[in-house]
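Colleague: Have a look at the structure that comes next, please.
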Ligand SMILES: Cc1cc2nc3c(=O)[nH]c(=O)nc-3n(C[C@H](O)[C@H](O)[C@H](O)COP(=O)(O)O)c2cc1C
């Protein structure tokens with residue numbers, strides 16, 4: 001009888017703990033450059049929301065050589081399922097709000113972000129997309145990402161020129177406050 005009571009208490013405690021994780025915010029991103037522009041924006045979002053930040057990690061790491069990344073990235077984007085990613089450490093199902101950020105590659109998402117969206121159905125979540133880019137701008141990232149994830153809240157996108165990331169914190173915070181209202 002004591003054992004049954006103990007198990008029941010443990011079960012109740014587990015429910016409480018997993019419930020505590022719920023309603024939180026998870027900020028997912030991919031970042032390749034040494035500067036980590038998208039990572040920096042992700043960290044500001046996580047800090048502003050009190051959320052958890054995690055990188056989407058490709059099973060096979062990208063080369064640190066720009067020319068090789070260009071070659072592989074271009075080839076992967078031409079195929080529809082080409083960049084398997086590692087399972088996340090944080091279970092996204094336990095969060096109500098999920099931010100998904102990508103650097104712009106060839107005018108759209110980086111392949112690891114696309115893979116994550118292809119592999120996971122975020123329909124029950126509130127999803128916000130953000131990106132950092134070079135001189136080409138955000139391209140079709142938001143449109144493409146929303147095709148894979150219709151759960152995204154319309155009209156809430158945030159994009160930023162990669163070189164401006166250092167001074168972008170106030171704008172990111174204002175955006176987060178606006179979309180989280
Ligand atoms: C493979 C590759 C492709 C890129 N393609 C574009 C592009 O099409 N348009 C653009 O504006 N920037 C492009 N960039 C620049 C990145 O989007 C930009 O520097 C971004 O801020 C990098 O983010 P990160 O530091 O998180 O990797 C590209 C960068 C890489 C490595």
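Colleague: Enumerate the pairs (first residue in the stretch 159-171 and without any contact (Cβ under 8 Å) to a residue 24 or more places away in the chain; second residue anywhere and near the ligand (Cβ under 8 Å from one of its atoms) and assigned to a helix (DSSP H, G or I)) with beta-carbon separation below 6 Å, excluding pairs fewer than 6 apart on the same chain, so at least 6 apart or on different chains.
Modeller: Once the first residue is without any contact (Cβ under 8 Å) to a residue 24 or more places away in the chain and sits in the stretch 159-171, no partner that is near the ligand (Cβ under 8 Å from one of its atoms) and assigned to a helix (DSSP H, G or I) comes close enough.
Colleague: Do you know which residues across the stretch 36-76 are buried (at least 16 other Cβ atoms within 10 Å of the Cβ), more than 13 Å from the chain's Cα centre (by Cα) and in a loop (DSSP other than H, G, I, E, B)?
Modeller: Those that are buried (at least 16 other Cβ atoms within 10 Å of the Cβ), more than 13 Å from the chain's Cα centre (by Cα) and in a loop (DSSP other than H, G, I, E, B): 36, 62.
Colleague: Enumerate the pairs (first residue in the stretch 47-67 and more than 26 Å from residue 128 (Cα to Cα) and modelled with pLDDT of 95 or more; second residue anywhere and within 13 Å of the ligand (Cβ to nearest atom) and not in a loop (DSSP other than H, G, I, E, B)) with beta-carbon separation below 7 Å, excluding pairs fewer than 6 apart on the same chain, so at least 6 apart or on different chains.
Modeller: 63/69
Colleague: Same structure, new question: Which of the residues belonging to the stretch 101-133 are within 16 Å of the ligand (Cβ to nearest atom) and not in a strand (DSSP E or B)?
Modeller: Scanning the stretch 101-133 gives 104, 106, 107, 109, 110, 111, 112, 113, 114, 115, 116.
The values are calculated or read from the model by the stated rules, or taken from the named source; none is laboratory data. Given the structure is predicted, the values throughout are model-derived calculations rather than measurements. Glycine also receives a Cβ, built like all others from the backbone with ideal geometry; neighbour counts cover every protein chain displayed.
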